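Trainee: Take a look at this one; I'll ask things after.
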Amino acid sequence: MASLYKKPIMVTDPKTGKKVKQKSRKWWGRYRDVLGRDCRVPLANDKAAAQAMLNDLVRRVELERAGRLDPYEDHLTRPLSAHIDAFERYLIDKGVTEKQIHTARSQVEKIAKKCKWKTIKDIKASDVQSFLGDLKRQGRSAQTCNHYLKSAKQFTRWLVRDRRSPENVLEHLSRMNVRVDRRHDRRALLADEFSRLVEAAHTGPVIENIAGPDRAMMYVLAAWTGFRKGEIGSLTLRSLRLDDDPPTATVDACFSKRKRQDTQILHPEVASLLKEWLGSKPLLKREEPLFPVSGKAPGGKERKTHKMMQGDLARAKQLWLEEVDEADAEERQRREQSDFLEYCNSDGLFADFHSNRHMFITSLERVGTSPKMAQTLARHSDVRLTLGVYTHLGVHDQVAAIGSLPSPPMRRSEEVSAFMAQTGTVGPQHSPGKVPTVVPRGAKNGAIRLASGTSQPAPNCTESGKEEGDGEEETNCPKSKRRSTLCAASHHAASICSGPEGAEKEISPTGLEPVTFGSGGRRSIQLSHGDAISAAFAATLYAGGTASRSGPVSPAASRCNTRIIAGLWGGVQQSPEKVRSRKVGTGLAAGPPGRRQVVAPALGSRIRDWQRQGGPRPLHARWPESLRPAVTGSG
């Protein structure tokens, strides 16, 4: 039975100074909880208020005994600061680093103070969105706003998992697009830049209490292993196995970003440099960090490695400028204005210490390492991070890739045949009257696709038919029951088959176009790889050039050839009048403004010759008469 009482207490009598017993001013309540335990709690000075509070406690016990009590009621009414303190203790017990704990707590407290949150009930998604909008208007980056959102969502997720809140009210909030607001993107150093950086660091002064030779060795190790700053700072003599085959360096799980023990194989030359460098440090203890640049490792200290890179790059560029003869003012001015050895280049890309990791992964791509192997060596969980963020390919890499393509065929027939033999498109030409016994699957239903290894016999087909002249062109197309019919020119061999009623059906030529599904009458114009090349280049590469198989070539044929040249070897699928070109290094970039494509040098010379002869010229989307197939119907 619940009851009210005043608790007897001992107080000092101000007159006599003796201890006397008296009743407390505050009323206390006595009741039994759901487990039958005797509970005594202080209530209020006013008896009516105390009685009301006691009745609430008894009611809660009855609801809990009936299974109808809200388990979140106590937490929802507690001050939010108490939950933030509990959240911090949770992160500490979980083993999160001190820096991360401080960042998460401070960001949550800033949001709560700005939004005037007092309890969990006050947390609203609209308040957080408004807070992030204010940050953005104050000039903070999208990445910074995402960090605040991450901390807030981490806190509300913990409230749900710890049974303090029934739902995560911030779950639907999405991060900002950081691609449109990049503030600190990095670049990979070129090989010449890196060698000059190491040389300048090796002979340079002390920066951030790290000697020059130590910085040079640290740069080399980071660029050939991909280790991050914290991982480099955790390495000790115990981490190295330089005499093993192969030599390795191991990062303990507590210092690895993904919290796993990582063992990286060392390049033999890097292992040799490490042995030579360690030989100059005979007093180095086995548990002492090799490079004390991270406060996470025992014995280390947090140091600003970006200042090291900035100072060494500035010194390397100064040495590079001093190599120029004093009389050659033009060359010196060119070097001063270039991005070579710049800490931040004209594109806003930085070359800080983490850029050495970018260089490591980019170098793996340049030597032809598979994406899976690059992901494994980079220790990434997602290959999109490896290829999309850490791999940097410039114009020189594109020029090298385009230059590895085979050159376009020359006008001479023997060179055309040699190129077609390389592409696998050389072979006997079938005349329109000849019908093969085996045709590609899909010929009956009108589907257009590449012929595969799986073929089927053509029903009601013959090996003989009416022979037509090679230079003759069909001008009339017989109508059929299908909605449209494709009539190919003489150089496009079309198979003729007889249907069930004896009527002739036409089998469309196969080529480079993707599969077209739909009704049987749906067709599309297409050329096989060999036919397209031979038709374009055998016609002419220049306006008013040599004759094609079907006779003299009109100026329209020359413009058509230019379209095929750009489309097949440059990736520019545009009309010639939309194509613009400019020099890029040793190659040529062609394409519409804003979407240029580096083309092969041999093809670039042909495009430049075409431009010198008056191109580009208007194109009316017409093929030359000798090359244009006739199309009827809706196809």
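The values are calculated or read from the model by the stated rules, or taken from the named source; none is laboratory data. What you see is a predicted model; the values in this text were computed from it and never measured. Here Cβ is always computed from backbone atoms with ideal geometry, including for glycine, and neighbour counts include all displayed protein chains. For the accessible areas, the whole protein counts, side chains as well, though only heavy atoms, and no ligand, DNA or RNA atoms are used. Shrake-Rupley method; radii C 1.70, N 1.55, O 1.52, S 1.80 Å.
Trainee: Across the Cα atoms of region 225-267, what radius of gyration and what greatest pairwise Cα-Cα distance (Dmax) are found, in Å?
Mentor: 9.8, 27
Trainee: Starting from a Cα-only point model with no solvent, please compute log10 I(q)/I(0) by Debye for region 106-225 at q = 0.12, 0.15, 0.19, 0.20 1/Å.
Mentor: For region 106-225, the Cα-only Debye profile gives -0.66, -0.75, -0.94, -1.01.
Trainee: Ok, one more. If you roll a 1.4 angstrom probe over the protein chains with everything in place, what fraction of the accessible area of region 63-146 belongs to carbon and sulfur, to the nearest %? Can you show the working numbers first?
Mentor: Working: 2530 of 5280 Å².
Answer for region 63-146: carbon and sulfur cover 48 percent of the accessible area.
Trainee: When averaged across all projection directions, what area in nm² does the alpha-carbon convex hull of region 208-331 cover?
Mentor: Numbers: hull surface 37.7 nm².
Result: a mean projected hull area of 9.4 nm².
Trainee: Going from the alpha-carbon gyration tensor of region 294-335, what semi-axes, largest first and in whole Å, does one get by taking the root of 5 times each eigenvalue? It would help to have the intermediate numbers written out before the result.
Mentor: Values: eigenvalues 285, 11, 4 Å².
After scaling each eigenvalue by five and taking roots: 38, 8, 4 Å.
Trainee: Continuing with this model, one more query. In Å², and per residue, what accessible area does region 52-141 have when probed at 1.4 Å with the other protein chains present?
Mentor: Working: 5840 Å² over 90 residues.
Result: 65 Å² per residue.
Trainee: Any idea which of Cys254, Pro205, Thr225 is furthest toward the positive side of the dipole for region 182-310, if Lys and Arg beta-carbons carry +1 and Asp and Glu beta-carbons -1?
Mentor: Of the candidates, Cys254 comes out farthest on the positive side.
Trainee: Answer with one residue from Gln22, Pro8, Thr103: the one whose Cα lies farthest towards the positive end of the charge dipole of region 1-155, charges on Cβ with Lys, Arg +1 and Asp, Glu -1.
Mentor: Gln22
Trainee: Using a 1.4 Å probe over the heavy atoms of the protein chains, calculate the carbon and sulfur portion of the accessible area of region 173-298 as a whole percent. Don't skip to the end; give the middle numbers.
Mentor: Details: 3430 of 6690 Å².
After summing per-atom areas, the C and S share lands at 51 percent.
Trainee: Right, another one. Please report Rg (one decimal) and Dmax (integer) in Å for the Cα set of region 1-142.
Mentor: Looking at region 1-142, its Cα Rg and Dmax stand at 23.0, 71 Å.
Trainee: Now a separate question. Distance cut-off 19 Å, Cα to Cα: go down the list Lys99/Lys307; Lys150/Lys229; Lys99/Lys229; Lys26/Lys121 and report the pairs above it. Let's see the in-between values first.
Mentor: Details: Lys99/Lys307 21 Å; Lys150/Lys229 23 Å; Lys99/Lys229 15 Å; Lys26/Lys121 30 Å.
Check vs 19 Å cut-off fails for Lys99/Lys307; Lys150/Lys229; Lys26/Lys121.
Trainee: Here's another thing I want to ask about it. At 1.4 Å probe size, with every protein chain present, just tell me what the per residue accessible area of region 157-310 comes to in Å².
Mentor: Values: 8500 Å² over 154 residues.
Solvent-accessible surface per residue comes out at 55 Å².
Trainee: Given that compact globular proteins tend to follow 2.2 N^0.38 Å, what is the ratio of the alpha-carbon Rg of region 118-186 to that value?
Mentor: Dividing the Cα radius of gyration by 2.2 N^0.38 Å gives 1.23.
Trainee: Turning to a different aspect of this structure: What fraction of the Cα pairs in region 307-388, stated in percent, has a spacing above 17 angstrom? Show your work: numbers first, answer last.
Mentor: Details: 1976 of 3321 pairs.
More than 17 Å apart: 60 percent of the Cα pairs in region 307-388.
Trainee: Place a +1 charge on the Cβ of each Lys and Arg in region 311-409 and a -1 charge on the Cβ of each Asp and Glu, then give the dipole magnitude about the Cα centre in debye, rounded to the nearest 20. Let's see the in-between values first.
Mentor: On the way: 10 positive and 16 negative charges, 167 e Å.
Result for region 311-409 is approximately 800 debye, rounded to the nearest 20.
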